[in-house]
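Scroll down for the structure; my scribbles are underneath it.
Bear in mind these aren't lab numbers, they're just calculated from the coordinates by the rules spelled out. For clarity, every value in this text was computed on a predicted model and none was experimentally measured. Backbone-built Cβ (ideal geometry, glycine too); neighbour counts: all protein chains shown.
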Amino acid sequence: MSTRDRIENVMRCIKRSALAGLLFCLGAMGVSGAALAQSGAPKASGDVSILPIGPAVEAPRPDTAPGVHSYPLPTIVMRRTSDGKQCSFPAQDGAAVNFNASPYSCEDNVLSSFEVIGAHEGMIIDIEGSPRCDGSEAWASYVVSFAAGGGPTGAVATTSVVASMGVPLGTRLTDGAGNNVLIANGSRAVGEPLSTAVSCVKVTNLIPEGPYRIRNAYSGKCILNTTGPSHTAQCTDAVNQLFYVTFSQNRGVVSAAAPLDWARRESLRSIITDQYVVGVGQTTDLASVLGREESTGYLKTTTGRCASESDIPFQINTIECKYAVGATMQWTFEPVTKH
């Protein structure tokens with residue numbers, strides 16, 4: 001199917017449903033993704049480009065092996081149209097930047113346009129009047145969607161924060177330079193106009209890094225990505241052992257089943273059965289998601305639990321990381337080339 005045909009299918013799909021998926025293919029990854037288009041409040045969340053002026057953040061590595069994709073974090077630049085006053089910050093997956101408590105010197109209630117440097121195909125940008133990005137005040141949402149021949153990364157030129165306000169869901173929008181790179185993802189007009197009330201920006205659905213197999217240093221076996229309680233097996237499965245690493249704060253690990261679809265992603269996580277074990281599934285409990293900690297080789301939650309290979313068949317436990325039980329807690333991410 002040509003790129004043009006895929007885009008036309010996207011638009012037909014979006015028009016059919018308020019929760020339609022923005023489906024796209026990412027080259028050699030060969031997996032589908034979706035950007036959540038919704039008419040309710042977000043949940044969880046032609047100027048020349050400038051260099052980031054916020055605190056330095058380490059960017060993800062470029063491709064580390066053939067077939068492994070790792071795109072740099074996008075940078076969001078917010079500006080005041082009247083005089084060009086601006087701030088910028090890295091766009092982490094699932095993270096909201098509250099202008100009332102921002103380390104990036106973003107002034108509250110004055111920034112009326114946005115630019116994206118290094119935007120990812122399918123990324124969702126929620127711009128809100130509520131400092132909590134909870135949808136309680138005026139908001140406008142956008143999906144980055146490059147025209148035929150564009151992507152998987154590119155630029156969104158300086159665009160008004162209200163470009164999608166009152167526009168039908170799924171409508172194609174141009175950025176401030178006239179480029180066809182955005183889709184309206186819903187809006188809400190309530191209280192103060194968004195153009196003079198922006199207090200928060202949230203980004204979701206960045207393209208994750210991968211694919212990888214995750215091999216245990218003790219057993220030499222790899223984690224299965226099938227839904228439910230997980231376990232390890234010989235590292236020979238070309239489908240059911242593939243994972244991606246998100247660019248969330250804790251580098252959360254997700255199954256290859258739907259890595260580009262924020263609404264359908266299945267995370268590797270710590271779950272409770274009769275004890276703490278590793279499982280794969282959808283969750284809104286971000287504290288349970290296991291992330292890649294490269295400095296230690298751990299699969300670790302933000303609450304300090306680590307995945308550890310178990311002597312019990314068909315089981316991987318999670319234990320408090322402070323116990324550092326050695327090789328059973330060490331995991332290697334092995335790049336896998338997809339054809």
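Summary of computed values
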{"quantity": "Stretchable slack from D311 to A327, in nm (0.36 nm times residue separation minus alpha-carbon distance)", "calculated": "4.5 nm"}
{"quantity": "Distance in nm between pseudo-label sites at A177 and T284 (7 Å out along the Cβ direction from Cα)", "calculated": "3.9"}
{"quantity": "Mean Cβ count within 10 Å, highest first, over the residues of peptides 228-238, 137-147, 268-278", "calculated": "137-147, 268-278, 228-238"}
{"quantity": "Calculated FRET efficiency for the pair T296/R80, C-beta based, R₀ 35 Å, to 0.05", "calculated": "0.25"}
{"quantity": "Mean Cβ neighbour count within 10 Å, used as a protection proxy, ranking 113-121, 294-302 highest first", "calculated": "113-121, 294-302"}
{"quantity": "Scattering curve values for the range 209-335, log₁₀ I(q)/I(0), Debye with Cα scatterers, q = 0.20 Å⁻¹", "calculated": "-1.10"}
{"quantity": "Label point distance in nm, T337-E107, each placed 7 Å from Cα along Cα→Cβ", "calculated": "5.3"}
{"quantity": "Most to least packed among 327-335, 91-99 [average Cβ atoms within 10 Å]", "calculated": "91-99, 327-335"}
